[in-house]
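Okay, structure first, notes after.
The values are calculated or read from the model by the stated rules, or taken from the named source; none is laboratory data. None of the values given here were measured: they were computed from a predicted structure. Because the Cβ atoms are built from the backbone with ideal geometry, glycine has one as well, and the counts that use them run over all protein chains shown. The protein model used for the area step is the full one, side chains on, heavy atoms only, and it has no ligands, DNA or RNA in it. Shrake-Rupley method; radii C 1.70, N 1.55, O 1.52, S 1.80 Å.
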Amino acid sequence: MEFATLLFEKKENYVIVTLNRPEKLNALNFQLFTELNEAIRQIELDRDIKAVILTGAGEKAFAAGADIMELHESDDITGVHFSQYGSKVMLRLESLRKPVVAAVNGFALGGGCELAMSCHIRFASENAKFGQPEVNLGIIPGYGATQKLPRLVGRAKALELILSGNMIDAYEAERIGLVNKVFPHSELMSKTVEFVQNMLSKGTLAVFSALDCVLSAEHLPYIEGLEYESRMFGKLCGTYDFKEGTKAFLEKRKPNFKGE
Ligand code: COA
């Protein structure tokens with residue numbers, strides 16, 4: 001599939017989506033959001049795609065935030081739409097029932113940090129930097145950081161980052177739980193691919209269902225979330241993969257999952 005601001009590389013059972021405006025540090029403009037929305041639609045529809053890796057082109061950035069050139073044109077009316085559009089695309093990514101793994105290869109600032117937070121898992125290279133620098137521009141985060149960051153790292157750390165506009169490095173991001181793991185820059189992609197391939201070697205129905213339960217828990221009261229999990233557990237007990245997985249264990253061999 002051809003996009004102007006994204007690379008969309010389909011592999012055997014996953015896709016690598018690369019934000020591709022390296023000369024602007026992959027700043028998120030309207031066209032990029034529109035294309036990302038279309039890419040997500042394709043991922044939803046394509047049964048061969050079972051996981052997504054999201055990364056940035058070039059050596060310096062995952063994404064350095066919303067495109068400030070476009071943002072500068074906003075006023076008190078259009079600013080709402082500016083925020084809502086990006087937020088909607090990110091929510092769609094976050095709501096995908098296929099695992100989305102961010103490979104954060106450099107700056108993840110403002111909207112870039114919010115986009116990384118919209119992924120289900122985040123790996124970062126040693127040179128990655130995270131932050132919500134919007135207060136430096138006289139605004140607040142507009143693509144969900146005030147909601148996403150406290151959920152990930154707790155309110156105090158989230159407020160520290162959002163109110164100061166300060167950047168943190170990859171290891172600090174890992175320490176506070178914003179990033180799952182840090183790798184040397186040269187190994188980021190291979191380690192991310194390795195993680196995805198290992199995940200997809202399991203029963204994929206189970207992987208999708210576990211993701212669904214965790215994401216659904218955000219919107220369900222605790223008791224209903226437990227009930228939802230039990231129903232999903234029961235459903236999986238009726239699958240080929242469950243019979244095969246348990247049989248393989250008992251026969252002391254590797255399972256041959258079919259995703260059915
Ligand atoms: N929107 C639009 N363009 C951006 C951008 C953004 N968010 N971030 C970087 N760019 C552009 C720069 O304008 C520059 O373009 P030019 O070469 O045409 O002048 C190019 O990307 C390279 O950026 P530059 O600032 O020269 O790189 P640097 O290494 O000196 O600094 C940053 C890197 C990330 C510290 C700096 O670019 C920056 O602070 N960016 C804005 C971050 C931000 O505030 N994001 C939140 C937006 S709401």
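A compact table of results
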{"item": "Given (1) of a type in the set (A, V, I, L, M, F, W, C); (2) touching a helix residue (DSSP H, G or I) at 6+ places or on another chain (Cβ under 7 Å); (3) within 16 Å of the ligand (Cβ to nearest atom), index of the condition Ala173 fails", "result": "(2)"}
{"item": "Filtered residues of region 207-260 (kept if in a helix (DSSP H, G or I), of a type in the set (A, V, I, L, M, F, W, C) and open to solvent by 60 Å² or more (accessible area, probe 1.4 Å))", "result": "Val214, Ile223, Leu226, Phe233, Phe242, Phe249, Leu250"}
{"item": "Qualifying residue in region 186-206 (condition: open to solvent by 60 Å² or more (accessible area, probe 1.4 Å) and within 16 Å of the ligand (Cβ to nearest atom))", "result": "no"}
{"item": "Residue in region 78-90 that is away from the ligand (no atom under 16 Å from the Cβ) and either in a helix (DSSP H, G or I) or within 14 Å of Gly142 (Cα to Cα) (or both) present", "result": "yes"}
{"item": "Selected residue (only one of Arg41, Arg122, Arg47 is more than 12 Å from the ligand (Cβ to nearest atom), part of a loop (DSSP other than H, G, I, E, B) and in the same structural domain as Ile139 (by TED's automatic domain parsing))", "result": "Arg47"}
{"item": "Residues of region 60-76 that turn out to be near the ligand (Cβ under 6 Å from one of its atoms), outside any loop (DSSP other than H, G, I, E, B) and within 26 Å of Leu188 (Cα to Cα), as a count", "result": "1"}
{"item": "Output for region 140-149, where each listed residue is surrounded by fewer than 16 Cβ atoms within 10 Å (Cβ to Cβ) and either in contact (Cβ under 8 Å) with a residue 60 or more places away in the chain or not polar (S, T, N, Q) (or both)", "result": "Ile140"}
{"item": "Filtered residues of region 27-38 (kept if in contact with a strand residue (DSSP E or B) (Cβ under 8 Å, 6 or more places away or on another chain) and in a helix (DSSP H, G or I))", "result": "Leu32, Glu35, Leu36"}
{"item": "Residue in region 218-230 that is within 16 Å of the ligand (Cβ to nearest atom) and modelled with pLDDT of 95 or more present", "result": "no"}
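Table: residues versus (1) assigned by TED's automatic domain parsing to the domain that holds Gly106; (2) in a helix (DSSP H, G or I); (3) aliphatic (A, V, I, L, M).
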site: Gln147; (1), (2), (3): yes, yes, no
site: Arg151; (1), (2), (3): yes, yes, no
site: Ala156; (1), (2), (3): yes, yes, yes
site: Ile162; (1), (2), (3): yes, yes, yes
site: Tyr171; (1), (2), (3): yes, yes, no
site: Glu174; (1), (2), (3): yes, yes, no
site: Gly177; (1), (2), (3): yes, no, no
site: Val182; (1), (2), (3): yes, no, yes
site: Glu187; (1), (2), (3): yes, yes, no
